[in-house]
Amino acid sequence: MRQRLVVGNWKLNGSRATNAALLRACVEGADFASPAKVLGVCAPFAYLAQLQEVLGGTAIQYGSQDVSRFASGAFTGEVSAAMVADFGCRLAIVGHSERRALFGDTDEIVAIKFGMAQAVGLTPILCVGESLAEREAGDTEAVVSRQLQAVIAAHGVKSLAKAVVAYEPVWAIGTGKTASPAQAQAVHAFLRGVVAEQDASVASSLPILYGGSVKASNAAELFAQADIDGGLIGGASLVAEDFLAIGRSL
Ligand code: 13P
C-alpha cells in the first residue's frame, strides 16, 4: 500500500499567534493521522521552531517550503536542509511553481535541492506542473516529465523511493479552478508511468499528491482516483476545520 498524505503549504502566511491556534486545532482534530495516512504542515522557515514545539511528538509531520541548494558558507539569507532537519522536520517542499516562476528555481536547481533534502533524511515533496499556456499548447506531459526527469537524471530513479511527488497545475493554484478528478488522474497516471518505465516497484510505491484549489468539498472525489494519493493544500490549510476535513478524506 502506498502512503497517503495531506500536506499543508502555508506559503507566506502566519504569525506566532495565529499559528498557535491553527496548530492546536490541528493536533486536537488529527485523530485519523497515522504512518499510513500522514497529515503534514510546511511553514515558513521562521516558524519551524514553533512547529517543533507544538507538533513534536504528535502524529503530525512538519517541514519547510524550500531548502537552500547550498550546504553552508557565505550564502546570506539561505537556510540549509540540515538546519531544517535540526528542527525535527521530516518534510521539505522543493520546486514549487511559485519558486520556479518567481525565484529562479530551474529544473537543475530543484534537483540539487531535492538531493540536499534527501542527504539529511528529509522527504522531499517534488512539485511539478504546467502553466495554462503549456496545457493549452498540449505540452502538459512534456513539461511534467521534463521536471521529473531532471531529478531522476541527477539522483537516479531509486531516489524516488524516499520522496513524494506533487502534481500542481499552475492554473489551478489559488484560482479556485480545480483540475477535474479525471484531468488530474490522467497526469498522475502519466507520471507514475514515466517512473514505471525505469523502475516498476518504485513507481507503485511513490505517493503522488494533487495540489491546486483542493477544498473540503472536492477532496474526496480527487483522492478516490487510482493514482491520486492525497493533496498539497494551500489556502485551505490555513483554516483548521477545512484542513482537517481534507485530511479525513484520505
Ligand atoms: P491552493 O490550495 O491555495 O490552490 O494552493 C495550492 C498550492 O500551491 C499548494 O502548494
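Every number in this text was worked out from the coordinates using simple rules, so none of it is lab data. The structure displayed is predicted, hence computed values, not measured ones. Methodologically, a virtual Cβ is constructed for each residue, glycine included, from the backbone with ideal geometry; neighbour enumeration extends over all protein chains shown.
The slack between D31 and S201, meaning 0.36 nm per residue of separation minus the straight C-alpha distance, is 58.1 nm. For GluC sites (Glu not before Pro), the sites in segment 145-250 that DSSP calls loop and that have at most 16 other Cβ atoms within 10 Å are E197.
Remark: the K215-R16 segment gains 69.2 nm on full extension, using 0.36 nm per residue and subtracting the alpha carbon distance.
The trypsin sites (Lys or Arg not before Pro) of segment 138-221 meeting both criteria, a DSSP state outside H, G, I, E and B (loop) and at most 13 other C-beta atoms within 10 angstrom of the site's C-beta, are K177.
Take the alpha carbon atoms of segment 189-235, find their center, do the same for segment 1-47, and report the distance between the two centers in whole angstrom. Taking the Cα centre of each part, segment 189-235 and segment 1-47 sit 19 Å apart. Counting only aspartates and glutamates at least 8 places from K215 when in the same chain, those with an alpha carbon closer than 15 Å to its own are E168, E241, D242. Hydrodynamic estimate: the Kirkwood radius of the chain over Cα pairs, inserted into Stokes-Einstein at 10 °C and 1.306 mPa s, corresponds to D of 89 µm²/s. Taking packing as the residue-averaged number of other Cβ atoms within 10 angstrom, the listed peptides 72-78, 185-191 run from highest to lowest as 185-191, 72-78. Taken about its Cα centre, the chain carries a charge dipole of about 400 debye when Lys and Arg each add +1 at the Cβ and Asp and Glu each add -1 at the Cβ.
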